[in-house]
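To start, the structure itself, in structure tokens.
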Amino acid sequence: SWSSSDSVVSTDSAAGDAGPGGPYRVVLLGAGGVGKTAFSSIFAGAADSMDSDECELCGDEVCEKEIEVDGEPAVVTLLDTWDAETGGEWSQEHYMQTGDAYLLLYSITDRTSFLRASELRITLRRFRPARHTPIILVGNKCDLVRRREVSTSEGRACAAVFDCKFIETSAAMQHNVWEAFYGIVRQLRLRRDPKES
Ligand code: GDP
């Protein structure tokens, strides 16, 4: 189980250790109800993964699998354990410190979740002050056009202020969800490659 693994529990050396092909620890952050579980299910059940059937380590909270991004394999460990409502200080610090990259989700139908994403971004900056930690601000549920409370331009502006990428997705329509995962892997590679070459 992931919680007994040293590499996940260790907080100092854990972040930033991944080699060029991973495994990369990608953490889903966001208020309750924004679509984190839906993202995890899409990731876990992907038909277009190289290892088509399954995650190697599938549980309620974590899933590790190899995906192909731009023709090259990458191993991604998705952590979906964040619970902004019930998670205590320990879990908050734990996930803020152990991720290699973060998908910061809100729902475009819920302004409170958008504000929550900003708070999480600020907390994350405190735990991960390095500017190169890949973060994508994800406005989910973009299929619910008539219930929209946060405009695309607001989302984009927020991402610009927070110095991170931005994407709108619909887990329900499976729209742009894989783009978000691919985007995170591309950023993780970019972070490393310039030093290599
Ligand atoms: P979590 O609490 O962040 O894990 O959120 P969930 O993944 O459990 O999603 C909360 C609710 O929103 C569920 O009923 C999902 O079916 C629904 N949901 C998630 N993503 C979308 C989406 O993109 N569009 C729509 N219409 N509903 C969504």
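The values are calculated or read from the model by the stated rules, or taken from the named source; none is laboratory data. Only a predicted model underlies this, so the values are computations on that prediction, with no experimental measurement involved. When we count neighbours, we look across all protein chains shown, and the Cβ atoms used for this are built from the backbone with ideal geometry, even at glycine.
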(request) Could you please find all residues in segment 149-164 being assigned to a helix (DSSP H, G or I) and within 16 Å of the ligand (Cβ to nearest atom)? (result) 152, 155
(message) Give me the residue from segment 114-133 that is assigned to a loop (DSSP other than H, G, I, E, B) and of a type in the set (D, E, K, R) and, out of that set, nearest to the ligand (Cβ to nearest atom).
(response) 128
(request) State yes or no: is residue 100 away from the ligand (no atom under 16 Å from the Cβ), charged (D, E, K, R), modelled with pLDDT under 95 and closer than 14 Å to residue 181 by Cβ? (result) yes
(message) From the list 167, 136, 184, exactly one residue is part of a helix (DSSP H, G or I), within 30 Å of residue 73 (Cβ to Cβ) and under 15 Å from the mean Cα position of the chain (by Cα). Which is it?
(response) 184
